[in-house]
Amino acid sequence: MNRIGVLGSNFAGLTAALEIKHALHEDVDVTVMSKSNRFLFTPSLIWLPFGWRKPEDITFPVGPVLESHKVHFENVEATRIVPERNEVETATGRRSYDYLVIATGAQAYVDEVPGLGPERNSHNITMLEHAQPTQAAWERSVTDPGPAVIGATQGAS
Ligand SMILES: Cc1cc2nc3c(=O)[nH]c(=O)nc-3n(C[C@H](O)[C@H](O)[C@H](O)COP(=O)(O)OP(=O)(O)OC[C@H]3O[C@@H](n4cnc5c(N)ncnc54)[C@H](O)[C@@H]3O)c2cc1C
């Protein structure tokens, strides 16, 4: 039986794991490893800063969904992939696989430009942990707007 490892449990990881399991049934042993144990419906992050949604409204525990389809779930972060040994390294040891799906999404470098970033002068809603402080910043801005400067950094859409 082939062991399939899937890194990430959001749109790509969840879909890949279920599609593989549904297509190959007992021929595969599928394990999803993800640093988050909750599925995040990212498009709804836009509502968080305005208090129209709470984190629990736009996330759900992903492990039980996978397990109900006979897909294993591990809440663990991959720290390194060693393809020559078909291994993934995690904080709690190595995991072996025959085939690996990498579905870890994009990494936003929100503080790449000096002066910008959540701890400095800008806020973003690309990640749950950043969308929540954005709500506090929005509320401060509504309470005491002060002078407004509208601009865009290089590469911003
Ligand atoms: C505000 C906002 C609105 C959006 N609106 C839309 C929209 O309307 N329509 C649309 O099509 N798209 C939209 N998108 C884009 C869409 O959300 C992404 O394309 C989608 O989330 C990508 O899915 P993914 O599974 O590839 O990655 P992600 O959703 O980023 O998931 C990555 C997964 O990998 C896990 N992970 C990351 N690193 C590791 C690691 N080292 N080890 C283990 N696990 C790891 C994470 O915990 C997560 O489970 C929006 C995005 C944002 C931010």
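Of the beta bridges in region 61-110, as assigned by DSSP with both residues counted there, near 100 percent are antiparallel. Packing, taken as the mean count of other beta carbons within 10 Å per residue, orders the peptides 144-156, 126-138 from highest to lowest as 126-138, 144-156.
Out of all DSSP beta bridges with both ends in region 1-87, state the antiparallel percent to the nearest 5.
On the way: 4 of 14 bridges.
For region 1-87, the DSSP antiparallel bridge percentage is about 30.
Working note: Debye formula, equal point scatterers on the alpha-carbon atoms of region 2-102, no solvent; log10 I(q)/I(0) at q = 0.20, 0.23 Å⁻¹ is -0.95, -1.15. Taking every DSSP beta bridge that has both ends in the chain, the antiparallel portion is near 45%. Axis of helix 11-24 versus longest Cα principal axis of the chain: the two differ by about 20°, to the nearest ten degrees. Once the Cα atoms are used to define both axes, helix 128-143 deviates from the longest principal axis of the chain by about 10 degrees.
A full extension of the chain between Y99 and A137 corresponds to an added length of 9.3 nm, given 0.36 nm per residue minus the alpha carbon distance. Sorted fewest first by neighbouring Cβ atoms within 10 angstrom, K21, K54 come out as K54, K21.
Remark on V30: its backbone amide H falls under 5 Å from those of I4, H72, a criterion applied only to residues 5 or more positions apart or on other chains, H modelled at 1.01 Å from N.
For region 1-18, the residues whose amide N sits under 13 Å from a probe point set 7 Å from the Cα of N86 along the beta carbon direction are 1-5. Maximal additional length on extending the Y109-F11 stretch stands at 33.2 nm, based on 0.36 nm per residue less the C-alpha distance.
We did not get these values from a lab; they are worked out from the coordinates using the rules stated. Every value quoted in this text rests on a predicted model; they were computed, and no experiment measured them. Methodologically, a virtual Cβ is constructed for each residue, glycine included, from the backbone with ideal geometry; neighbour enumeration extends over all protein chains shown.
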